[in-house]
Structure formats: C-alpha cells, structure tokens
1. For the protein assembly as shown, with only Lys/Arg (+1) and Asp/Glu (-1) charged at the beta-carbon, what is the dipole magnitude about the Cα centre, in debye rounded to 20?
2. Quick one: which of A:Lys345/B:Lys175; B:Lys245/B:Lys271; B:Lys79/B:Lys303; A:Lys275/A:Lys345 span more than 29 angstrom between C-alpha atoms?
3. Apply the Karplus parameterisation 6.51 cos²θ - 1.76 cosθ + 1.60, with θ equal to phi minus 60°, to every residue of region B:157-171 and state each ³J(HN,Hα) to the nearest whole Hz, in sequence, with x for glycine and proline.
4. For chain A, list log₁₀ I(q)/I(0) at each q in 0.06, 0.14 Å⁻¹, using the Debye formula over Cα point scatterers of equal strength and ignoring solvent, two decimals each.
5. Calculate how many DSSP beta bridges within chain B are antiparallel, expressed in % of all such bridges and rounded to the nearest 5.
6. Does region B:139-279 come out rounded, prolate or oblate, given a ≥ b ≥ c as the square roots of the eigenvalues of its C-alpha gyration tensor, rounded meaning a/c under 1.5 and, failing that, prolate meaning a/b above b/c?
7. Please say if region A:153-276 is rounded, prolate or oblate, where rounded means a/c under 1.5 for a ≥ b ≥ c the square roots of the C-alpha gyration tensor eigenvalues, and otherwise the choice is prolate for a/b larger than b/c and oblate otherwise?
8. On average, how many beta carbons from a partner chain sit within 10 Å of the beta carbon of a residue in A:222-234?
Amino acid sequence: METIRNFRRFCLDSLRLVVVGNRAYYGWVAFLLALMGLGIVAYLGQFQDGLIHTNMRDQVSWGFYIGNFTFLVGLAAAAIMLVIPAYVYEWKPIKEIAILGELLAISALVMCLGFVLVDIGRPDRFWHIMPLVGLLNFPSSLLAWDVIALNSYLLLNYVVATYLLYCAYTDRHYVKGFVYPLVFLSIPMAVSIHTVTAYLYNGLGARPYWNSAILAPRFLASAFCSGPAILLILLQILRKTTRLEIKDEAIFKIAELMAYTMGFNLFLTAAEAFKEFYTNSQDVVFIRYLYLGLRGHYTLVPFAWASVLCGLVAFLLFLVPKTRKNWVTLNIGCVLIYASVYIEKGMGLIIPGLTPDTLGEIYTYRPSLTEVGVASGIFALGFLVFTLMLKVAVPVMLGDFTMAGRPARSAAAA
Amino acid sequence: MSEAPKVPAAPPADDESQGVSRRSFLHTAGCAAVAAALTGCGHLSTEEFLQRNFRELDKKELGEIIARLEKEYTAKFHKKVTVAATPPMPGVVFGYALDLSRCIGCRRCVYACVKENNQSRIPQIQWIRVLQMDKEEGVSLLHADPYYDPPLVPQEGHFYMPVQCHQCKNPPCVKVCPVKATWQEPDGITVVDYNWCIGCRYCMAACPYGARRFNWGEPHLPPEEINPVTEYLGNRPRPKGVVEKCTFCIQRTRKGRYPACVEICPTGSRKFGNLLDPGSEIRYVIENKRVFLFKEELNTQPKFFYFYGV
Ligand code: SF4
Ligand code: SF4
C-alpha cells in the first residue's frame, strides 16, 4: 500500500514537474507540438486516401518510413553502449548517466513503433499483429519476431528507468537483485532487437543486396557509432544547462569506444563493397546503383559518398586523441558520424535493396512531402517524450526531486 | 465452450476455441469501442473491424461475412455481385506453363486478367507484367523493358516474357507475412485474405517475381466493368491498403475452367492443368519440352514453367 501511495505521489509530482519550466523549455515544447501538429495533418491525408500520398510504389514498396524505423532501432540498441561499462565494469563516471541511455532507448522505440504504424496500409487492423490478440505468424515471420523483441525491449527499459528514478525519488537505494538481472538482460535484448531487424531484410533471397551474412554485424557496428554520438552531444548540453556533473573523463571514454566501433563499421562496409564489386556478378547492380549509379540513374550516389566521407572523417577525428579531446572537433565528429549512419542505415539500406526491383526496373524514389511531414511529426513526438522524461530524470539525478523535498502544499494535500 | 455465454454474439465454438477466446478478449478489452469510434468515420463496420482470419472462421461466420460483402458490393456496383468460397478440388495441384517461343507480347493476357479479376482501373493495377527482352541477351533482367510500346509486336530482335505469380511451392511471401494473411491452398494457389492483411508489404519485399500488388489508393472500378462472379480469396473487389496477386483465376479454375489469360492468348502460348494428372497437357509439356524455372536458384519451386515449344 505504502509503495502504491508513494508511486502515485511520484507520478503526480512528475506531472507537476513537466508542466512548469522556463521560457526556453516552453518554447522548445511548443515547437515540438507544432511539428507534431504538422505531422498529424500530413498523416490525416494519408489515412483518408491511403499510402498513395507517399512516393512508394510497387517497385519500391518501402521507403522513408521504414528507413527511419531501421535507423532508430539502431539508436535504441545503442543504449547498451552506456549500460555495459556502467554495470558490468562498475565504472562510476558512466554509471550515473546510464539512465540517460535507457531514456534515449525508450524515445527511440516510441519513434520506431510510430514509423511502423504510419507505414502499414491498414492501421485499423493494427491489432492483427499484436501478440495474443491478433494472429502472429511466429516463428516463421521475422516481422513477428521484431514486434515481440521491440515491445519487450521497450517494456524492459521502461521498467528499469522508472524503477531507478522512483528509488532515487524515495531516497532509497535500488535493490540490486532486481535491477542487475534486468540490466544484464537488456544487453542481449539490445543486440537482439537490432539483429532481428537486420534479419528481417537479411532473410530475403529475392533481394541480394540485403541477403549478405554481414548485414546484422553491420547493423550493430553502425548503431554503436550513431547512438553514442547523440548521447555525447546530449551530455554536453545537459551539463551546460543543468547542475548535472558529467566528467570529461566519461565523455572521452565513450568517444574512445566509438573510435573502435567506427573503424569496425568502415571495415565492414569496405568488406561488403569488395565482395560485390570484385565478384562482379549480376547482383552487383544494387551496390552500383548506390555508389556509382546505374543506367543513367544517379539519385543515391551523392548521398552514398557523403555517408562514406562523413564516416571516414569522423573516424579520424575520434581516433586521434588530440581531436577526440577537443570539444569542437569532437562535436563535429559526432554530427558527421550521425549523418553518415543516418544515410547508410536509412535510405542507403532500403532503397538499393529494392532498386532495381525484382524484374530489373529502376523506379526513382524520393520521399513525398507527406512522408517528410509525417516523419517530422514522429521525430517531434520522440523528442517530446525524451524531453519530458529528462525534465523528471535530471532533478532526480541531482537529488532535487525527492519525496522528502516535496513542496509543502502538495505534502499537505497528500 | 465455456466461454460462449460471455459472448452472446459469438457462434458456438466447435473447433477454434483459440479464436473465440481472442474474440472475447477483444470485447472485454473494449476494442468494440474503438471499432465504434472508427465506424464513426463511416468506413468501417464493427463486424468488419472484429472479423477474424479466413482460416479461423466457421461455416456460419463465413456465411454471414459473405452475405455482408455481397450486400455491400451489390449496392456499390448497382448489380448483383456474388461472392463464393469454393473449396479446392481434391487430388488437384495446378500448374502453368508459358511458351516463350510463341509469345508475341501483345499483352492481351494482361487486359483479360484485369477484366476478369476486377483490378483497380484508377490507380491502374495489373497482375501480369510482360517483359520485352533482347534475343541477343537471352533472359536477362538487365535488358528487360516492361514499358515497350511499339505500333506492332513482336519487334525484330526481341522476345517477350510474361511474368505473374509463380505459385511457388516454397513461397517466401507466405513465410514472411507477420499475420498469416497470405497462405498456400491445398491446390497450390497462394491466396490473400483482403480482410486480414495489414498492408505491411513485407510479402512484396520477399517475392522474387514482383508478383504482388499493393492498393496504394482507393481502388476504382467502374460498375459497368465489374465481373460480378467473384471468389472470396480471388477476384472480389479489394479495399485500399491491402496486397493482391494472381490466383490462377481461382474463381474459374476451381470450377474446372481455364484461367482468363489462357483462354485469351491468341498464340496458344499459355498451358494450364493439373500437375497430379499424368495425362494432362501441362505434364506433357514438362516431360517433353525444354523447360526452365525463373530464378530457380532461389528454391521457390515455382509451379509456373517457361518452355520453348518450337
Ligand atoms: S511468385 Fe511471389 S507472390 Fe507468388 S507465390 Fe511466389 S513469392 Fe508468393
Ligand atoms: S502486406 Fe498483407 S499479405 Fe503481405 S505480408 Fe503484410 S500482412 Fe501479409
């Protein structure tokens, strides 16, 4: 009973916390809400008339939505990048910020589910794909696996993050026996969501570009580049705008780990390119379409090379200790690697997988305004979820937001 | 059985108790409320929202659904439209063979198919795609042109290769569908439940023959052009947001007729029959002609064979 009452208080106090803020906070939230409004308007048209408002067609039947989905699964998986050293090696400076990784994962997963929902042709039949309620083609369909993996991972992160925050709020130390197993479970789970998502594409004999054994390893490698990049920037923002103390040491440690994953990511990309181009079988057309253009179609070429270039420069910036420990070059590196992976694991993965199509046709796909609008709405939703969660988490981490320190009026009311 | 009283609307659960419990869950979970909200948009009835997968329906439920659909279609197209659920014939597995040496690329099959199977006219949906290829290159997708449009066919130096669903014996589209909305029937035809498909298009990514079509928009079919004799798993009018594909004209072939494309072909390039009948023409072709399977290496095991008759 006591716990339930306390938890209710925690929820109510959190609510109170997120509705008050300074002008910058209100401005930011208003901006996100406006973007979401735009997304809803764009989506309403699509809901009414169907996916014809997108530029996807039978030849390229997945596009911007699924590209973003794939990228964001990577982001969600990368949360473990922080959890591993924090809990496994008991590395103090990262431990405090591990919770941020979990919150980031939750937000990314919310966006993932949003992108899946807007991509399906019959959102009214969404319940068909829900475990227990619908009729899941398990274990045959990798999409069924993905539904289960993503939702479990979301639940897991949600439980752990809420529990940790709640403990801090009630000024109690968390129960190790409860948190540790869950955290350790989250490590293989994070790997599995990304692996399952990779397998979703990987297992299709009809699409040679995806049908490569190193697809899943490439997914993991790139996720462990882009996810931490976001966190690094976020940590810097947080320690500027709040009293949260994040040691330089922690940031540089993450950056160092990233240098390795970035190098590995580049290596895998090169391995794939070598195999395709040197073998030069008929299946080379897909990677050709991506990097060199095919039969007069060059739509993806500039993006593909931009991705490679950004990845290379970022790798060098993170590899050299001097540039890694310089804030300007570090942040440039973060932005570059983020952009690189966003291209590579978004459109750079989906579009060449489907172009040329199974009968050799090249359909030039570019996202429509509707797709861009809907996508920005979903990104805004994700950022909003993240902002609101941070609004609670940061004071908790600072020790400002505890049950003992509740404002007098709410204490009286309770 | 014990759950039936909780759900007055549900018919007696004889075999599929799993489905009924799911259904009662839906009710208790208040999904009916959601359905009612969606019905408010005027597009969807509660029954349609809660309808289960074709293969989980018992006779009575199917009967009700068919009656509902017939009413809906008849009102929409201003003429009597029938929807049948003809079962497969025992001892029959259908096979198809196409003579590449005879096909002239006139696309009559494409249009006969559209007419027979009630494909959307706007946006245009066609289940058969005819590829024009270079004789010098052979069967090569790098040199395939689906949009050829000369005044006269066949064109010098070219041959034509129609592609449609190969009714794979090992169909990747069925394997990947997350909700079992598409499956292979005992007579070898892969069908789609248009009322269960969620429109994720995973099957389109998985099909090596580009055989599946998506209803990107609301399909439009002029009432005067509808073929009113329809099959539940075949040519009945489709809603938007779902996938469709060639069914070997299930509404004809399960009643012993030829598919529309076979009948219309002016050169006799298209052969169709029962693979299990040793005396059938299709068996003769497979046993005596030079036959090849398209993308054989993918092990989809098509029941659609290309051959060179002359
Ligand atoms: S050709 Fe395509 S749609 Fe037809 S059964 Fe094979 S995989 Fe499925
Ligand atoms: S589009 Fe429909 S039939 Fe195809 S995989 Fe998705 S749910 Fe199944």
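Bear in mind these aren't lab numbers, they're just calculated from the coordinates by the rules spelled out. Remember, predicted model here, so these are calculated numbers, not experimental data. Because the Cβ atoms are built from the backbone with ideal geometry, glycine has one as well, and the counts that use them run over all protein chains shown.
1. It works out to roughly 1000 debye.
2. Exceeds cut-off: B:Lys79/B:Lys303.
3. x, 10, 10, 10, 10, x, 10, 8, 4, 8, 6, 4, 6, 10, x
4. So the normalised log intensities are -0.26, -1.38.
5. Given both bridge residues lie in chain B, the antiparallel proportion sits at roughly 75 percent.
6. rounded
7. Working: a/c = 3.16, a/b = 1.62, b/c = 1.95.
Cα axes put region A:153-276 in the oblate bin.
8. Working: counts 0, 0, 0, 0, 0, 0, 0, 0, 0, 0, 0, 0, 0.
Mean partner shielding for this stretch: 0.
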